[in-house]
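What follows is a single structure, written as structure tokens, with notes after it.
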Amino acid sequence: MKKTFLYVLLTIFTVSTLLISCGPSKKLLVSEAKVAKLQKDSTKTHNQLNDCNTQLNNLNDEKTALQSKNASTQNDLNALASESKLTIAEQAKRLKNFQDIIQSQKNVMDKLKNSISEALLNYKTDELSVYIKDGNVYVSLQEKLLFKSGSDVVDPKGVEALKTLAKVLISTKDITVLIEGHTDNVPIKTALFKDNWDLSTARAISIVRILTKDKSFDSNRITAAGRGQFHPVSTNETLEGRASNRRTEVILSPDLKEIYKLLYQ
């Protein structure tokens, strides 16, 4: 009985000891886990802080670079603004010069048109007409005044008209002259002319020769061209329309050298 009692006491003592020893170990484990978590969180926070500092430094660098770029851009804009003011002033001056030249040329062409109209006043309207188109003076001479049908030989009456015209042209400087021959659409084929191209070109050349060789107009300022039937001014379906299309045009143009100088200087 006594032994049994001692055994029970020993057992109770052993279990109590074990319970006492186990309690602090579990708390220690919990505390250590908390410390480990805090250390982990601290490390994470520290890393995040480092990342924020790095981003802040990068932003400061970008800000500095942007400020430098803005300063450079502003300098460029200031320089461009200064240059633009000069360019605008120069362009205004150039435009004024351009307008002056255009007006001067218009005055010359108006005067030339009036001079030619007065010089050729004795000729009928169905023989010739004088007008301004696209800044050029046109003297349209009908076939009945210049040529017999199918011929490139200028009639005496036509020679007189060209002689009168030449006097005005020679006295007018800074113009160029284009002689264009035109026909109707009736086909032609003779020993001299294969087609209307041939005839219209030959007629233009005949007039150029009269103005240059006979009347001493400057050959460097005149050109001959044949247009055939391809630029009619009236219908080719009627006798009157075809008669209108059979013409030779003397086209007088102002010299554009001064304008080209302004455009390309």
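Each value in this text was obtained by applying a stated rule to the coordinates, not by laboratory testing. A quick note: this is a predicted structure, and the numbers were derived from the prediction, not measured. Neighbour counts are summed over all protein chains in view; Cβ atoms, including those assigned to glycine, are modelled from backbone coordinates with ideal geometry.
Of all GluC sites (Glu not before Pro) in the stretch 212-260, which ones are in loop regions per DSSP and have a Cβ with at most 11 other Cβ atoms within 10 Å? Here the GluC sites (Glu not before Pro) that fit, given the DSSP loop and packing criteria, are E237. Highest-first packing order for the peptide set 211-221, 193-203, 92-102 is 193-203, 211-221, 92-102, based on the mean count of other beta carbon atoms within 10 Å. Per-residue 3J(HN,Hα) values for the stretch 188-193, derived from phi via the Karplus relation 6.51 cos²θ - 1.76 cosθ + 1.60 with θ = phi - 60°, read 9, 8, 10, 5, 9, 10 Hz in sequence order (x marks Gly and Pro). Placing pseudo-labels 7 Å out from each Cα toward the beta carbon at D174 and K189 gives an inter-label distance of 5.0 nm. Which entries in the list K93/K257; K157/K194; K167/K213; K113/K215; K113/K257; K148/K173 go over 23 Å, if you measure between the two C-alpha atoms of each? From K93/K257; K157/K194; K167/K213; K113/K215; K113/K257; K148/K173, over 23 Å: K157/K194; K148/K173.
Amide H to amide H, with H built 1.01 Å from N, T223 comes under 5 Å of V177, L178, I179, counting only residues 5 or more places away or on other chains. Converting phi to 3J(HN,Hα) with the Karplus coefficients 6.51, -1.76 and 1.60 and the offset θ = phi - 60°, the stretch 170-178 yields 5, 7, 10, 8, 6, 10, 10, 10, 10 Hz in sequence order, with x at every glycine or proline.
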